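Before any comments, here is the structure.
The values are calculated or read from the model by the stated rules, or taken from the named source; none is laboratory data. Because the structure is predicted, anything quoted here is derived from the model rather than measured. Here the Cβ positions follow ideal geometry from the backbone for every residue, glycine too, while neighbour counts run over all protein chains shown.
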């Protein structure tokens, strides 16, 4: 009887009835939460008891030597690789381990790959159009029309990534740096909550690097951004918080100065470069 | 409401589609005129034989368009589209068999001749309903569509693509060929279905019916072309190209790649089925040789010669190759396969984008000469 009374309470709002305006629940702070994650490939432990928390709106750099598990970590978050044990939460409502790749993508996790992969046969504009947050099922896609507000949104992103003059050119003719920006632009079109950016400045000129740094720092605050990068100069120029990965787990975490003075870190990573 | 209508009609505003439809309909009108109004002994007279031959080419053209849709825009090299073509053909053939009625050699009002010959005493369940035109015409779409749906669902869900998919499609059509060769299947074995009399009450052996079938094929090709064009110019078409070039990337954008592939594959199979259904009454026979793997490979050669991912290139390729085939097999039958092989090698080496690529190159050269567009490019 008392249970019935509880269920019948008129001011009660059940979780599943609550409006899903923003499906990602960040009231408790972190937008991404990895706990005790383990992955091994044929006996090799790629990820070893990894714990990582990213706050909403944070810009975080992740560094580490080759084979530290940076890319595998990205694969786990985007659903490409399933961990053997551990838990991965997006906000405090979504267990990413139970979701498929497209579901995770539409939830608001965008990933930029190491090698820029844009659709070379399509124009810059069309690349952004496909990336736009929209109903991506078959028939809505078939009958989709280009509304003025979509066009404005695409032009806005084109402005941000500074490719406005190349709007109607096939993406195949872009330079390496331009392709990287187009990819970041494609991520932005999805209005992501969390951006995973894998080695954004590999192979870029100094000038292009500066512009990329500018672009990424302008994104933080609106989105949470996780950058995996090898280039220490670049990391120093953008990072507020740095996480050092080594052999699949977190070695150190803190500001760039704290991290670069940590004796352990110097030994495994910075030492190599010096 | 408006949006769902405009996407299908959008191709009509395109210049390339307008040109294509203009050429196609002019050809239909000219052939009809020359057939009907030129005296029999005139050099310009088009005989009923030629009309039927042209109708056959148009069926092949529609089939090539269907293959280009999946190969050119989706990157799925199907070496089994002959199977969908033949299934559409068999559905039509079954209707035509039932139309014979008691005029067959054995005079059985219900059973086709080959069933009487095999001592069958009743019609198998899957032959029921084919005496009704509407049912048979739905089956023309449904039989290839369902096969493509089941096959595609299994293949694309397990992410089978590239060469492996091509080999499986080849195996599919080969398996169907072997099955249809068996008398027990109830499709006439290796003789297939033939000796047709009427279609929708019109006698198939009159010139007027043949002309009607030719025109119907032309219209079917036009509609098929517009449907394909509507798909490839829609956002879904751009998603298809994205799947073709970077499948994993497309998946990360949140598109269900396997569903896009399945949808386009099923549409393509249905178009191939329609092509087969229009082919059968014009050539007067359907037998398991249409399932042969070689035929499916030949279709791909037409598309490659005409130019991939243009649709009109597929039409040009299909018509040219089949015209060449008609001429060659008449003059020196043994040389045809060598000629086809040589043509394929030459085009691959010198015209990697096919005949359509040649047309595009010329158009581009013209645009570059045009000062207005040149200025735009530098601005």
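How about region A:105-114: which of its residues are assigned to a loop (DSSP other than H, G, I, E, B) and touching a helix residue (DSSP H, G or I) at 6+ places or on another chain (Cβ under 9 Å)?
Passing the criteria: A:113, A:114.
Looking only at region A:198-214, decide whether some residue is within 14 Å of chain B (Cβ to nearest Cβ), free of Cβ contacts under 8 Å to residues at least 40 places away in the same chain, farther than 15 Å from residue A:64 by Cα and out of contact with any helix residue (DSSP H, G or I) (no Cβ under 6 Å at 6 or more places or on another chain).
No, region A:198-214 contains no residue that is within 14 Å of chain B (Cβ to nearest Cβ), free of Cβ contacts under 8 Å to residues at least 40 places away in the same chain, farther than 15 Å from residue A:64 by Cα and out of contact with any helix residue (DSSP H, G or I) (no Cβ under 6 Å at 6 or more places or on another chain).
Here's a check for you: in region A:115-129, which residue that is assigned to a loop (DSSP other than H, G, I, E, B) and more than 9 Å from chain B (Cβ to nearest Cβ) is surrounded by the fewest Cβ atoms within 10 Å (Cβ to Cβ)?
Initially, region A:115-129 is screened for residues assigned to a loop (DSSP other than H, G, I, E, B), giving A:115-122.
Subsequent filtering for residues that are more than 9 Å from chain B (Cβ to nearest Cβ) retains A:115-116.
Working: A:115: 12, A:116: 21.
Among those residues, the one meeting the criterion is A:115.
Tell me which of these residue A:234 doesn't satisfy, since it passes every other one: (1) away from every other protein chain (no Cβ under 13 Å); (2) at pLDDT below 90; (3) surrounded by fewer than 22 Cβ atoms within 10 Å (Cβ to Cβ).
(3)
Take residue B:242 and tell me if it is more than 16 Å from residue B:68 (Cβ to Cβ), surrounded by fewer than 16 Cβ atoms within 10 Å (Cβ to Cβ) and within 14 Å of chain A (Cβ to nearest Cβ).
no
Among the residues of region A:258-274, which ones are at pLDDT 85 or above and exposed (fewer than 12 other Cβ atoms within 10 Å of the Cβ)?
A:263
Restricting to region B:335-362, name every residue that is within 17 Å of residue B:298 (Cβ to Cβ), without any contact (Cβ under 8 Å) to a residue 12 or more places away in the chain and exposed (fewer than 15 other Cβ atoms within 10 Å of the Cβ). It would help to see each step written out before you state the result.
First, pick out the residues of region B:335-362 that are within 17 Å of residue B:298 (Cβ to Cβ): B:335-348, B:354-355.
In the following step, the residues that additionally are without any contact (Cβ under 8 Å) to a residue 12 or more places away in the chain were identified as B:335-338, B:341-342, B:345-346.
Those that are within 17 Å of residue B:298 (Cβ to Cβ), without any contact (Cβ under 8 Å) to a residue 12 or more places away in the chain and exposed (fewer than 15 other Cβ atoms within 10 Å of the Cβ): B:335, B:337, B:338, B:341, B:342, B:345, B:346.
Name the residues in region B:160-182 that are surrounded by 15 or more Cβ atoms within 10 Å (Cβ to Cβ) and modelled with pLDDT of 90 or more, would you?
Once the filter is applied, which keeps residues that are surrounded by 15 or more Cβ atoms within 10 Å (Cβ to Cβ) and modelled with pLDDT of 90 or more, region B:160-182 yields B:165, B:166, B:168, B:169, B:170, B:172, B:173, B:174, B:176, B:177, B:180, B:181.
Taking the condition of being surrounded by 19 or more Cβ atoms within 10 Å (Cβ to Cβ), assigned to a helix (DSSP H, G or I) and within 7 Å of chain B (Cβ to nearest Cβ), how many residues in region A:130-155 meet it?
4
For region B:1-90, list the helices (runs of 4 or more DSSP H) that sit wholly inside it and hold at least 1 residues that are without any contact (Cβ under 8 Å) to a residue 12 or more places away in the chain and away from chain A (no Cβ under 14 Å); which are they?
Where helices (runs of 4 or more DSSP H) fall fully within region B:1-90 and carry at least 1 residues being without any contact (Cβ under 8 Å) to a residue 12 or more places away in the chain and away from chain A (no Cβ under 14 Å), they are B:15-37, B:48-72.
Check region A:156-177 and report whether any residue there is farther than 22 Å from residue A:215 by Cβ, without any contact (Cβ under 8 Å) to a residue 40 or more places away in the chain and either within 13 Å of another protein chain (Cβ to nearest Cβ) or over 14 Å from the mean Cα position of the chain (by Cα) (or both).
no
Got a number for residues in region A:75-105 being touching a residue at least 60 places away in the same chain (Cβ under 8 Å) and facing chain B (nearest Cβ under 9 Å)?
2
How do the strands (runs of 3 or more DSSP E) wholly within region A:1-104 filter down when requiring 2 or more residues that are surrounded by fewer than 17 Cβ atoms within 10 Å (Cβ to Cβ) and modelled with pLDDT of 85 or more: which remain?
A:30-41, A:44-55, A:85-90
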